[in-house]
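Chemist: What follows is a structure written as structure tokens; I'll ask about it next.
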């Protein structure tokens, strides 16, 4: 059924591109025989209306008009066409540096649908002259995290300008209320995604954090206009965390809890009873309580009462989960194998509309190389070619596309109307524009960088679709790591060593390191330096927000060794002495499996995910369980399971 619908849609696009005068519905029904499969005339009309709507959603400009203005509202005599000039991606050229920036921007999204949209956009631009250089060195690699609750629904509402309603728990009161919003824009800052717009109940502009949305957003009828001059980037800049409203007082054991000691504005005094007293400002009670809970019996909150209660609640829930009955786990699947999802008709159509101009630009393209270029199997590509061969108006002279294979070489003809790449749709334009905008605003970037010039060219070429670029924004660096990232970029450009004063969070220890930088990259809202550590004599990843000091040296890196960047998403690499730990993760903690590169995973009947991870040392695991506040537990090995229970009991005893 999906293949038939794809064939019908492709035939419709071919016909509507072939005419200036347009076709009436009856003419289209006669020329595209697949419309004859509808059981009734009314069903056929609905089928055609759905097809039109789907094409328009994909950015294909289906126009409807009447030859006689006096009957402009009479649907029975309306005609339809696709304006070729509006359909085609405008000619735009990019330098080699700009092409590299485009490639980097396309790889920044961690949500599958947008990652695919960015890849499609990049293929189209490569068809317009953007260079492809798979060997280009990437020294700074940002990544935009999009795994917050209901991210997809808010994205769709924002980009399509549709009002939404959702349940929301306010941070100030803790009460849950139903809200109605015109989403003007959405953006990421301080590790959280926000949506901003007009609150229809209060009649004013409001911010909402996605992690506090308690029910799936529902689209409402109608649309809205975004106020002139609104940009999400300006809105994000107004979220200033400098004036955090609360003050924490925490007792910590000497020479421990370095993560708390190094918080912005932290002051420490000896309490005289074998504890140190820390005072620091904070804004997020839940996040701060989790940071404190992670230190278990080494830290206890003195004030304010809300923070005391939240920290105790996290530890109590963690202990209840850890000490509760835990199911037996039998792994049957690997975490790194996933089935290829089925392709929808609209996604299939997009691929075919990209495939035709590619094959016309590359006559005699190799079958396997083409399949790899489009990220499909050889079998899928063969099916695509067969579908192209039968698509078009069958009773129209020269209406069908000609496809031939000669020893795995593909030749295509009679497809001139589809020879130009399709204009970028909203998702495709937005992914690259937002990616380039994020890249050009990183600390240490030249205002006239290749990312900046590519951003300007692409925004203009995208036309109306480019407007959403101002509605989506991501700020990936704050003042705490901005200057550190600039220093690291200077070391990467100059090819010199760095000296680090570095907090090893898993050991709660401050160390001195000399490293040879390879690249900087962001994952899960944190920035990392991949570098050769001279003391460990191996490649390590260092979090920038754990660097207490970063110093450039005059010592060049060892060019004879030239360590290579892995260029992958793996933050933790296995070593021969690693231990295997099995964790049970409730849905809010499923990110742990990905973050720590789980070897195996298994969905359990109670809704939890069992994840087997490799760790160099288990000393930090009790802290992780404490931080997650009941959303995770250790199932094995048994000694570590017992250690976590003892750790949590000791932490709660300090608060009794």
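The values are calculated or read from the model by the stated rules, or taken from the named source; none is laboratory data. All values derive from a computational prediction rather than experimental measurement. Cβ sites come from the backbone with ideal geometry, for glycine too, and all protein chains shown count toward neighbours.
Chemist: What are the residues in segment 286-297 that are more than 15 Å from residue 625 (Cβ to Cβ) and either touching a residue at least 40 places away in the same chain (Cβ under 8 Å) or not assigned by TED's automatic domain parsing to the domain that holds residue 262 (or both), if any?
Modeler: Answer for segment 286-297, where residues must be more than 15 Å from residue 625 (Cβ to Cβ) and either touching a residue at least 40 places away in the same chain (Cβ under 8 Å) or not assigned by TED's automatic domain parsing to the domain that holds residue 262 (or both): just 288.
Chemist: Can you say whether residue 397 is crowded, with 17+ Cβ neighbours inside 10 Å, more than 25 Å from residue 92 (Cβ to Cβ) and either out of contact with any helix residue (DSSP H, G or I) (no Cβ under 6 Å at 6 or more places or on another chain) or at pLDDT below 90 (or both), as far as the supplied structure shows? Break it down stepwise before answering.
Modeler: Details: crowded, with 17+ Cβ neighbours inside 10 Å: no; more than 25 Å from residue 92 (Cβ to Cβ): yes; either out of contact with any helix residue (DSSP H, G or I) (no Cβ under 6 Å at 6 or more places or on another chain) or at pLDDT below 90 (or both): yes.
No: the conditions fail for residue 397.
Chemist: Kindly list the number of the only condition in (1) crowded, with 20+ Cβ neighbours inside 10 Å; (2) over 16 Å from residue 326 (Cβ atoms); (3) in contact with a strand residue (DSSP E or B) (Cβ under 7 Å, 6 or more places away or on another chain) that fails for residue 621.
Modeler: (2) is the only condition that residue 621 fails.
Chemist: State which residue is surrounded by the fewest Cβ atoms within 10 Å (Cβ to Cβ) when the search covers only segment 375-389 and only residues that are modelled with pLDDT of 90 or more and within 17 Å of residue 362 (Cα to Cα).
Modeler: 382
Chemist: Here are the criteria: (1) modelled with pLDDT under 95; (2) in contact with a helix residue (DSSP H, G or I) (Cβ under 6 Å, 6 or more places away or on another chain). Tell me which single one residue 622 does not satisfy.
Modeler: It fails just one condition, (1).
Chemist: A further question on this structure: Return the only residue of 140, 154 being surrounded by 17 or more Cβ atoms within 10 Å (Cβ to Cβ), touching a helix residue (DSSP H, G or I) at 6+ places or on another chain (Cβ under 8 Å) and at pLDDT 85 or above.
Modeler: Selected residue: 154, the only one of 140, 154 that is surrounded by 17 or more Cβ atoms within 10 Å (Cβ to Cβ), touching a helix residue (DSSP H, G or I) at 6+ places or on another chain (Cβ under 8 Å) and at pLDDT 85 or above.
Chemist: Here are 473, 452: which of them is at pLDDT 85 or above, touching a helix residue (DSSP H, G or I) at 6+ places or on another chain (Cβ under 6 Å) and not in a helix (DSSP H, G or I)?
Modeler: 473
Chemist: Within segment 492-505, how many residues are modelled with pLDDT under 95, surrounded by 20 or more Cβ atoms within 10 Å (Cβ to Cβ) and more than 15 Å from residue 526 (Cβ to Cβ)?
Modeler: Looking only at that region, the number is 1.
Chemist: Which numbered condition in (1) touching a strand residue (DSSP E or B) at 6+ places or on another chain (Cβ under 9 Å); (2) outside any strand (DSSP E or B); (3) without any contact (Cβ under 8 Å) to a residue 60 or more places away in the chain is the only one that residue 512 fails?
Modeler: Failing condition for residue 512: (2).
Chemist: Has segment 551-564 got any residue that is modelled with pLDDT under 70, surrounded by fewer than 17 Cβ atoms within 10 Å (Cβ to Cβ) and under 26 Å from the mean Cα position of the chain (by Cα)?
Modeler: Checking segment 551-564: at least one residue is modelled with pLDDT under 70, surrounded by fewer than 17 Cβ atoms within 10 Å (Cβ to Cβ) and under 26 Å from the mean Cα position of the chain (by Cα).
Chemist: Mind checking whether some residue in segment 177-188 is over 25 Å from the mean Cα position of the chain (by Cα), part of a loop (DSSP other than H, G, I, E, B) and either modelled with pLDDT of 95 or more or surrounded by fewer than 19 Cβ atoms within 10 Å (Cβ to Cβ) (or both)?
Modeler: No, the conditions are met nowhere in segment 177-188.
Chemist: In addition: Where residues in segment 352-373 are more than 16 Å from residue 419 (Cβ to Cβ) and at pLDDT 90 or above, which of them is nearest to the chain's Cα centre (by Cα)?
Modeler: Within segment 352-373, the match that is nearest to the chain's Cα centre (by Cα) is 372.
Here is a yes/no grid of residues against (1) in contact with a helix residue (DSSP H, G or I) (Cβ under 6 Å, 6 or more places away or on another chain); (2) modelled with pLDDT under 90; (3) assigned to a loop (DSSP other than H, G, I, E, B):
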| position | (1), (2), (3) |
| --- | --- |
| 70 | no, yes, no |
| 76 | no, yes, no |
| 90 | yes, yes, yes |
| 121 | yes, yes, no |
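Chemist: Would you mention how many residues in segment 583-600 are surrounded by fewer than 21 Cβ atoms within 10 Å (Cβ to Cβ) and under 22 Å from residue 148 (Cα atoms)?
Modeler: Qualifying residue count, segment 583-600: 11.
Chemist: Grab the helices (runs of 4 or more DSSP H) fully contained in segment 364-449, keeping just those with 2 or more residues being touching a residue at least 60 places away in the same chain (Cβ under 8 Å).
Modeler: By residue number, 378-390, 426-440.
Chemist: If you check 53, 43, which single one turns out to be over 31 Å from the mean Cα position of the chain (by Cα) and without any contact (Cβ under 8 Å) to a residue 12 or more places away in the chain?
Modeler: Unique residue meeting the criteria: 43.
Chemist: Looking at this structure, is residue 529 over 24 Å from residue 193 (Cβ atoms) and in contact with a helix residue (DSSP H, G or I) (Cβ under 8 Å, 6 or more places away or on another chain)?
Modeler: Spelling it out, residue 529 is indeed over 24 Å from residue 193 (Cβ atoms) and in contact with a helix residue (DSSP H, G or I) (Cβ under 8 Å, 6 or more places away or on another chain).
Chemist: Kindly provide the set of residues from segment 484-506 that are part of a helix (DSSP H, G or I) and over 29 Å from the mean Cα position of the chain (by Cα), ordered by number.
Modeler: As a first pass, look at segment 484-506 and keep what is part of a helix (DSSP H, G or I): 484-494.
Scanning segment 484-506 gives a single hit, 494.
Chemist: Are any of the residues in segment 637-655 modelled with pLDDT of 90 or more and part of a strand (DSSP E or B)?
Modeler: Initially, segment 637-655 is screened for residues modelled with pLDDT of 90 or more, giving 637-653.
Subsequent filtering for residues that are part of a strand (DSSP E or B) retains none.
The answer is no, given that none of the residues of segment 637-655 is modelled with pLDDT of 90 or more and part of a strand (DSSP E or B).
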